[in-house]
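One structure coming up, written as structure tokens, with questions to follow.
The values are calculated or read from the model by the stated rules, or taken from the named source; none is laboratory data. Being a predicted model, the structure only gives us computed values, none of them experimental. Neighbour counts run over all protein chains shown; Cβ positions are idealised from the backbone, glycine included.
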Number of protein chains: 2
Amino acid sequence: MKIVVLKFGGTSVGSFKRIRIISKIIISYIKKKYAVVVVSSAMSGETNKLIKKSKEICNNFDKSEYDVLLSAGEQIACALISGNLIRLGYKSRSFMGWQVPILTDTNHGNSKINYIQKNNLIKFLKSGGTPIVAGFQGVNNKFKITTLGRGASDYTAIMIAKYLKAQKCIIYTDVEGVMTTDPKVYKNAKKIKIISYEEMLEMSSLGSKVMQSNSVQDARLNRINFDVRSSFKSTVGTSVTKRKNIKNNKVITGISLTKNDAKVTIVGVKDKPGIAASIFEPFSRNNINIDMVVQNISANRHDTDITFTLKQDDLNKTLKLLKLNKKITYRKILIDKNVSKVSIIGVGMITTPGVTYRMFKSLSRKNINILVISTSEIKISVLIKSINVKKAVSALHKEFKLDK
Amino acid sequence: MKIVVLKFGGTSVGSFKRIRIISKIIISYIKKKYAVVVVSSAMSGETNKLIKKSKEICNNFDKSEYDVLLSAGEQIACALISGNLIRLGYKSRSFMGWQVPILTDTNHGNSKINYIQKNNLIKFLKSGGTPIVAGFQGVNNKFKITTLGRGASDYTAIMIAKYLKAQKCIIYTDVEGVMTTDPKVYKNAKKIKIISYEEMLEMSSLGSKVMQSNSVQDARLNRINFDVRSSFKSTVGTSVTKRKNIKNNKVITGISLTKNDAKVTIVGVKDKPGIAASIFEPFSRNNINIDMVVQNISANRHDTDITFTLKQDDLNKTLKLLKLNKKITYRKILIDKNVSKVSIIGVGMITTPGVTYRMFKSLSRKNINILVISTSEIKISVLIKSINVKKAVSALHKEFKLDK
């Protein structure tokens with residue numbers, strides 16, 4: 001039995017027309033003699049409607065009942081998909097989390113899967129049936145419904161692929177795959193055919209919103225190869241796999257960029273041990289995400305300048321917290337709201353010298369000033385003026401031959 | 001532990017305001033030291049929305065998946081009620097059919113309850129919790145979700161009252177109880193304080209739509225006393241119980257009436273054995289419900305006249321079937337679309353002679369002509385011209401002292 005797990009996101013099952021279309025996709029695999037396990041999200045908009053209902057009751061709705069409420073969304077979608085397959089003459093059945101069962105911990109709203117019992121699914125597959133499994137939900141050891149966090153239907157699909165030792169796992173979504181960069185910024189952006197988990201993680205944490213980072217990480221930890229492709233177009237998507245499987249001579253795989261960043265510089269901070277912790281502790285306590293951080297020697301030898309970036313939305317709150325902070329003294333604060341982070345990502349840079357140089361050279365050739373730099377093993381990020389983003393992406397895309 | 005089962009229908013939980021109001025009702029019982037089990041329907045309109053979704057897929061949607069789809073409605077309502085009780089500081093938890101579990105047969109869409117495991121509910125009640133049980137749904141021995149038929153949340157409540165040996169079972173709805181007659185027809189209609197199962201069954205099968213007849217029958221078979229009352233007004237409702245518990249000297253309990261009836265007379269049918277069967281068999285095969293039937297000797301000694309009543313909606317179909325019927329010959333067909341059935345109902349009539357006489361006398365005093373008569377142990381029905389209904393109900397209501 002060669003098993004394929006097909007996961008459909010909210011927009012892929014967002015209407016009756018869409019359910020008919022994805023039924024055709026499912027049937028195409030059945031006809032290719034695959035034993036198909038479908039994992040579905042709620043129809044797009046449904047989860048938000050249910051969340052709204054909970055907010056009508058109160059803002060801190062009980063987490064356990066919240067899971068009961070939200071899991072109704074996938075229940076509806078799965079029943080409709082299964083009902084449509086049956087109408088078309090195929091044996092099918094919906095499986096809620098508790099029916100598989102998908103056993104999770106008790107962390108309501110953000111549970112982790114402990115174990116998936118495969119017997120029920122395998123038995124149904126062997127009988128020629130196509131199980132439609134509700135994504136995003138499970139059941140804990142107290143027989144209570146749990147949910148796995150938003151976007152976690154991908155996680156369900158990947159874990160089912162793991163426990164059922166599936167040959168393929170395909171994440172159907174509303175984009176065609178992972179692109180070398182944002183096509184809205186650079187029109188020659190190309191689809192990436194194959195990408196490593198690590199690159200995919202960097203791409204998604206840097207703004208390429210194809211999949212939640214968590215689910216990519218779960219796939220990486222469990223060594224599950226998967227494809228991301230569109231349920232709207234029949235084009236080939238992007239394969240996500242471990243580095244070893246990638247035989248490609250590109251130095252970098254993609255260019256990601258962020259929008260709506262802001263830069264803050266605290267000038268003339270009294271330099272003493274633990275000063276960085278004193279500055280950043282209140283931000284972390286208030287759930288403000290600080291991204292890049294640079295500490296420079298200031299003009300005055302006993303002072304230092306600290307620069308960091310964050311989302312524009314958090315800027316006002318951050319400035320307030322800085323003013324309230326009694327543990328630090330400084331001369332002044334400079335802010336810049338019109339900055340963006342552009343990153344080049346690729347496992348190829350590990351073995352290829354001179355990537356940093358080529359990046360800086362390309363940018364300087366276009367007279368683009370680099371404000372902050374940060375690097376990791378497979379990524380180099382630079383902060384630049386937002387006005388320069390298009391120019392920068394275009395130059396880098398060409399420099400690293402991503403146009404081909 | 002004195003247990004009360006409180007069942008709330010769709011309109012009782014039809015909005016967030018309503019959920020807040022019924023929470024107050026629930027809490028009032030908790031404060032009176034009851035162990036409260038709540039049974040809830042889906043919010044009004046929700047089930048119809050889900051049915052509509054299934055119809056978008058196809059008209060003969062798979063019954064098993066239909067149950068999965070529909071049961072999401074109660075899941076949403078129960079999570080919201082439970083979440084609201086928790087917000088107010090009470091320990092609460094929703095229980096879906098499979099979590100109780102409520103074990104049913106496999107007759108999807110119209111399952112019967114085989115057994116309710118009480119341990120989980122009792123344990124939660126003993127811990128001081130208020131379980132919110134999803135009405136209308138159960139689980140079969142294949143771990144599939146089943147539903148109990150429309151309006152069957154009452155059935156869930158009654159069976160939970162049975163298995164938990166509840167002291168009280170209260171059906172909260174949008175009417176104040178069972179009325180002596182339709183207040184729209186006769187404004188002095190009074191609420192009935194106590195009524196037997198059998199009378200209630202006659203009342204509901206004759207048009208007083210307080211509860212589905214099935215659920216009343218289930219209560220009767222299991223000897224579960226219950227109250228019907230309004231969640232919109234804090235008035236006392238109607239108690240439904242076995243005849244023995246009723247110590248009341250009224251001869252009749254209520255007057256029910258039907259609207260939109262039609263009368264058909266087949267004049268001069270050749271009288272031979274089995275002729276009635278030949279006439280009615282095609283109706284039954286076509287799901288046409290025939291109500292009253294009378295066979296008279298015709299003017300011609302070898303012929304007979306057969307009169308029957310049915311719903312006006314079925315009249316055209318019935319006439320067509322009569323014309324197609326090759327097994328019978330007759331002289332002509334007379335129809336009357338403006339007829340209504342008025343029934344007096346009461347266990348008191350078993351032990352009280354002269355009830356029929358009093359009914360006929362009252363009607364004749366008002367010059368109301370009786371077209372057809374039919375009687376049962378606790379009911380006398382007469383067919384009259386619709387134009388006379390108000391007059392008839394008024395006369396009978398007074399004759400049998402229901403005004404007091």
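Out of the residues in the range B:259-281 that are part of a strand (DSSP E or B) and among the hydrophobic types (A, V, I, L, M, F, W, C), state the one that is farthest from residue B:331 (Cα to Cα). Outline the logic, then answer.
So the first thing to find is which residues in the range B:259-281 are part of a strand (DSSP E or B), and the list is B:261-270.
Next cut, among the hydrophobic types (A, V, I, L, M, F, W, C) only: B:262, B:264, B:266-267, B:269.
Working: B:262: 20, B:264: 13, B:266: 8, B:267: 6, B:269: 7 Å.
Looking at the filtered set, the residue picked out is B:262.
Hey, another quick one. Quick test of your reading of the structure: residue A:381 fulfils all but one of (1) among the polar types (S, T, N, Q); (2) farther than 25 Å from residue A:276 by Cα; (3) at pLDDT below 95. Name the failing condition by number.
So residue A:381 meets the others, but not (2).
Within the range A:256-270, is even one residue surrounded by 13 or more Cβ atoms within 10 Å (Cβ to Cβ), out of contact with any Lys or Arg (no Cβ under 6 Å at 6 or more places or on another chain) and closer than 18 Å to residue A:192 by Cβ?
So far as the range A:256-270 goes, yes, one or more of its residues are surrounded by 13 or more Cβ atoms within 10 Å (Cβ to Cβ), out of contact with any Lys or Arg (no Cβ under 6 Å at 6 or more places or on another chain) and closer than 18 Å to residue A:192 by Cβ.
Go through the range A:60-92 and report how many residues are touching an Asp or Glu at 6+ places or on another chain (Cβ under 7 Å) and of a type in the set (Gly, Ala, Ser).
Count: 4.
May I pose another question? Across the range B:139-173, what is the total count of residues that are in contact (Cβ under 8 Å) with a residue 40 or more places away in the chain and either within 14 Å of another protein chain (Cβ to nearest Cβ) or farther than 26 Å from residue B:66 by Cβ (or both)? Break it down stepwise before answering.
First, the residues of the range B:139-173 that are in contact (Cβ under 8 Å) with a residue 40 or more places away in the chain: B:139, B:143-173.
With either within 14 Å of another protein chain (Cβ to nearest Cβ) or farther than 26 Å from residue B:66 by Cβ (or both) added as a condition, the list becomes B:139, B:143-147, B:161-170, B:172.
Within the range B:139-173, residues that are in contact (Cβ under 8 Å) with a residue 40 or more places away in the chain and either within 14 Å of another protein chain (Cβ to nearest Cβ) or farther than 26 Å from residue B:66 by Cβ (or both) number 17.
Follow-up. Is at least one residue of the range A:10-31 surrounded by fewer than 24 Cβ atoms within 10 Å (Cβ to Cβ), modelled with pLDDT under 95 and under 28 Å from residue A:222 (Cα atoms)?
Among the residues of the range A:10-31, at least one is surrounded by fewer than 24 Cβ atoms within 10 Å (Cβ to Cβ), modelled with pLDDT under 95 and under 28 Å from residue A:222 (Cα atoms), which makes the answer yes.
Go through (1) within 18 Å of residue A:256 (Cβ to Cβ); (2) surrounded by fewer than 22 Cβ atoms within 10 Å (Cβ to Cβ) one by one and return the number of the condition residue A:216 breaks.
Among (1) within 18 Å of residue A:256 (Cβ to Cβ); (2) surrounded by fewer than 22 Cβ atoms within 10 Å (Cβ to Cβ), residue A:216 violates only (2).
For the range A:320-346, which positions are of a type outside the set (Val, Ile, Thr), exposed (fewer than 14 other Cβ atoms within 10 Å of the Cβ) and under 16 Å from residue A:282 (Cα atoms)?
Within the range A:320-346, A:320, A:323, A:324, A:326, A:327 meet the criteria.
Across the range A:11-40, which residue is nearest to residue A:71 (Cα to Cα) among those that are of a type in the set (Gly, Ala, Ser) and without any contact (Cβ under 8 Å) to a residue 40 or more places away in the chain?
As a first pass, look at the range A:11-40 and keep what is of a type in the set (Gly, Ala, Ser): A:12, A:14-15, A:23, A:28, A:35, A:40.
Narrowing the set further to residues that are without any contact (Cβ under 8 Å) to a residue 40 or more places away in the chain leaves A:14-15, A:28.
Values: A:14: 16, A:15: 18, A:28: 28 Å.
Out of the qualifying residues, it is A:14.
For (1) closer than 26 Å to residue B:165 by Cα; (2) of a type in the set (Ser, Thr, Tyr); (3) modelled with pLDDT of 85 or more, each residue gets a yes or a no:
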| position | (1), (2), (3) |
| --- | --- |
| B:205 | no, yes, no |
| B:232 | no, no, yes |
| B:235 | yes, yes, yes |
| B:239 | yes, yes, yes |
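Find the helices (runs of 4 or more DSSP H) located wholly in the range B:1-113 whose residues include 2 or more that are within 14 Å of another protein chain (Cβ to nearest Cβ) and among the acidic types (Asp, Glu), and list them. Outline the logic, then answer.
Details: elements: B:16-31, B:46-57, B:63-87.
Here the list reads B:46-57, B:63-87.
In the range B:80-92, which residues are buried (at least 24 other Cβ atoms within 10 Å of the Cβ) and either free of Cβ contacts under 8 Å to residues at least 24 places away in the same chain or in contact with a Pro (Cβ under 9 Å, 6 or more places away or on another chain) (or both)?
B:82, B:83, B:92 - these are the residues of the range B:80-92 that are buried (at least 24 other Cβ atoms within 10 Å of the Cβ) and either free of Cβ contacts under 8 Å to residues at least 24 places away in the same chain or in contact with a Pro (Cβ under 9 Å, 6 or more places away or on another chain) (or both).
Of all residues in the range B:122-137, which are without any contact (Cβ under 8 Å) to a residue 60 or more places away in the chain and either within 13 Å of chain A (Cβ to nearest Cβ) or touching a Phe, Trp or Tyr at 6+ places or on another chain (Cβ under 8 Å) (or both)?
Those that are without any contact (Cβ under 8 Å) to a residue 60 or more places away in the chain and either within 13 Å of chain A (Cβ to nearest Cβ) or touching a Phe, Trp or Tyr at 6+ places or on another chain (Cβ under 8 Å) (or both): B:123, B:124, B:127, B:129.
While we're here: Being among the small types (Gly, Ala, Ser), under 22 Å from residue A:265 (Cα atoms) and crowded, with 21+ Cβ neighbours inside 10 Å is the filter here, so list the residues in the range A:371-404 that pass it.
Start the filter on the range A:371-404 by keeping residues that are among the small types (Gly, Ala, Ser), which leaves A:374, A:376, A:381, A:386, A:392, A:394-395.
Add one more test, that the residue is under 22 Å from residue A:265 (Cα atoms), and what stays is A:374, A:381, A:386.
Within the range A:371-404, A:381 is the sole residue that qualifies.
Since residue A:304 meets every condition but one in (1) of a type outside the set (Phe, Trp, Tyr); (2) buried (at least 16 other Cβ atoms within 10 Å of the Cβ); (3) touching an Asp or Glu at 6+ places or on another chain (Cβ under 8 Å); (4) within 30 Å of residue A:399 (Cβ to Cβ), which condition does it not meet?
Evaluating residue A:304 over (1) of a type outside the set (Phe, Trp, Tyr); (2) buried (at least 16 other Cβ atoms within 10 Å of the Cβ); (3) touching an Asp or Glu at 6+ places or on another chain (Cβ under 8 Å); (4) within 30 Å of residue A:399 (Cβ to Cβ) leaves (4) as the failure.
Quick one: what pairs do we get from the range B:231-248, first residue surrounded by 14 or more Cβ atoms within 10 Å (Cβ to Cβ), second hydrophobic (A, V, I, L, M, F, W, C) and part of a loop (DSSP other than H, G, I, E, B), C-beta under 6 Å, 6+ apart or different chains?
Within 6 Å, the pairs are B:238/B:178; B:238/B:192.
Let's see how each residue does on (1) touching a helix residue (DSSP H, G or I) at 6+ places or on another chain (Cβ under 9 Å); (2) in a strand (DSSP E or B); (3) at pLDDT below 95; (4) among the charged types (D, E, K, R):
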| site | (1), (2), (3), (4) |
| --- | --- |
| B:171 | yes, yes, no, no |
| B:176 | no, no, yes, yes |
| B:189 | yes, no, yes, no |
| B:201 | yes, no, yes, no |
| B:209 | no, no, yes, yes |
| B:216 | yes, no, yes, no |
| B:224 | yes, no, no, no |
| B:244 | no, no, yes, yes |
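Which of the numbered conditions does residue A:353 fail, given that it passes all the others? Conditions: (1) free of Cβ contacts under 8 Å to residues at least 24 places away in the same chain; (2) within 20 Å of residue A:283 (Cα to Cα).
So residue A:353 meets the others, but not (2).
When you look at residue A:104, is it among the polar types (S, T, N, Q), crowded, with 24+ Cβ neighbours inside 10 Å, more than 17 Å from residue A:5 (Cβ to Cβ) and touching a residue at least 24 places away in the same chain (Cβ under 8 Å), yes or no? It would help to see each step written out before you state the result.
Numbers: among the polar types (S, T, N, Q): yes; crowded, with 24+ Cβ neighbours inside 10 Å: yes; more than 17 Å from residue A:5 (Cβ to Cβ): yes; touching a residue at least 24 places away in the same chain (Cβ under 8 Å): yes.
For residue A:104, the condition - among the polar types (S, T, N, Q), crowded, with 24+ Cβ neighbours inside 10 Å, more than 17 Å from residue A:5 (Cβ to Cβ) and touching a residue at least 24 places away in the same chain (Cβ under 8 Å) - is met.
Could you list, in sequence order, all residues of the range B:299-348 that are of a type in the set (A, V, I, L, M) and over 18 Å from residue B:258 (Cβ atoms)? Quick ask: steps written out before the conclusion?
We begin by selecting, within the range B:299-348, every residue of a type in the set (A, V, I, L, M); these are B:299, B:306, B:310, B:315, B:319, B:321-322, B:324, B:328, B:333-335, B:339, B:342, B:344-345, B:347.
Of everything in the range B:299-348, those that are of a type in the set (A, V, I, L, M) and over 18 Å from residue B:258 (Cβ atoms) turn out to be B:299, B:306, B:319, B:321, B:322, B:324, B:328, B:333, B:334, B:347.
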